[in-house]
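Written out below as structure tokens is the structure these notes cover.
The values are calculated or read from the model by the stated rules, or taken from the named source; none is laboratory data. Predicted, not measured: the structure shown is a model, and the values here were computed from it. Cβ placement follows ideal geometry from the backbone for every residue including glycine, while neighbour counts extend to all protein chains displayed. Only protein heavy atoms, including side chains, enter the accessible area calculation; ligands, DNA and RNA are left aside. Shrake-Rupley method; radii C 1.70, N 1.55, O 1.52, S 1.80 Å.
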Amino acid sequence: MYHIIVNPASRSGRGHKIWKEQVEPALRRGNVPYHPYFSEKPGDVSRMAAEIARSADTPSIHMIVLGGDGTMNEVLQGLPDTSQVILGYIPTGSSNDLARGMHIPTAPREALDLILHTGRPGSMDLGTVTYPDGSIRHFCVSCGIGYDAAVCEEVLHSRMKKVLNRLGLGKLTYLGVALKLLFTAKPIPGRLTLDGKTSIDIGNMLFTCCMIHRFEGGGFMFAPDADPTDGILDLCSV
């Protein structure tokens, strides 16, 4: 049984159409057992992932996510134990950096075929952010503070993204916002402490990001040597 979490709003509302016209018919033709779950508002994806994990009656859970990088990140927040999940991904976002890093096709039916017929699942590193109050948050692509985080935050609420997504040019939103903020971002003093030991002072830090994959922000290569399976975070500090 495949538990499939669908973000209908992904790719500017085309996520539901992709599910109904491409993915679900392919599952039916292949007689693949599945149960779909559809998000409607923020928080739904994490909640659904948690409910699937709690109700599972098998040692491993087969889950498929149809959405963007943000949808996948929200799924991770809802999973108490990622080791019990075999996770498939059908990328329908605007940046698709996770798919780019894992060489997952962006064509939905090709991505589904990869999930159903690869045979042996692979492993991938996850990052964890620990906040001062003790709460944690996982990430599967990158995590940044400063300029790059500001770009992602503005893109998330950008009207331009919705327009460009309809034209199939969603990743240009990141470029437009990045150029805009480049003129307003203010560097600040920063200190990096690596492995709890070595400290590096940066006098004018624009941003620092921890990378699991080579790309973030819709294809910007911040970490050319990053390997999502080597157990190491690659650090990019400007």
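Quick notes on this one:
- In Å², nearest 10: area of His3 left accessible to a 1.4 Å probe: 40 Å²
- C-alpha long axis of helix 147-156 to longest principal axis of the chain, angle in °: 40 degrees
- For the chain, the longest principal axis of the C-alpha atoms and the axis of helix 108-117 are separated by about 70°.
- Set of aspartates and glutamates near Lys186 by C-alpha distance (under 19 Å), chain-local residues within fewer than 8 positions excluded: Asp148, Glu153, Glu154, Asp201
- Scanning residues 5 or more positions from Ser95 or on other chains, those with amide H under 5 Å from its amide H are Asp69, with H placed 1.01 Å from N in the peptide plane.
- Taking all Cα pairs closer than 8 Å and separated by 6 or more residues, the relative contact order of the chain comes to 16 percent.
- Derived scalar couplings between HN and Hα for region 231-238 equal x, 10, 8, 8, 10, 10, 10, 10 Hz in order, rounded to whole Hz, by the Karplus curve 6.51 cos²θ - 1.76 cosθ + 1.60 (θ = phi - 60°), x for Gly and Pro.
- Restricted to Cα atoms, the chain shows a radius of gyration and a Dmax of 18.4, 60 angstrom.
- Whole-Hz Karplus values for region 197-214 come out as 10, 6, 10, 10, 8, 10, x, 9, 7, 8, 6, 9, 10, 9, 10, 8, 9, 6 Hz, taken residue by residue from phi with 6.51 cos²θ - 1.76 cosθ + 1.60 and θ = phi - 60°; glycine and proline positions read x.
- Amide N proximity, region 83-107 versus Ser123 label position 7 Å along Cα-to-Cβ, cut-off under 15 Å: 83-87
- Annotation: extensible slack from Glu21 through Ala149 equals 42.6 nm (criterion: 0.36 nm per residue apart, minus Cα-Cα distance).
- Summarising the strand pairing of the chain, around 55 percent of its internal DSSP beta bridges are antiparallel.
- For the chain, modelled as a GNM whose springs connect Cα atoms under 10 angstrom apart, the maximal fluctuation among Thr193, Thr128, Thr173 occurs at Thr193.
- Whether region 5-88 is rounded, prolate or oblate, judged on the alpha carbon gyration tensor where a/c under 1.5 counts as rounded: oblate
- Folded to 0 to 90 degrees: helix 69-78 orientation relative to the chain principal axis, Cα: 80 degrees
- Potential lengthening between Arg191 and Asp57 on full extension [0.36 nm per residue; Cα-Cα distance subtracted]: 43.6 nm
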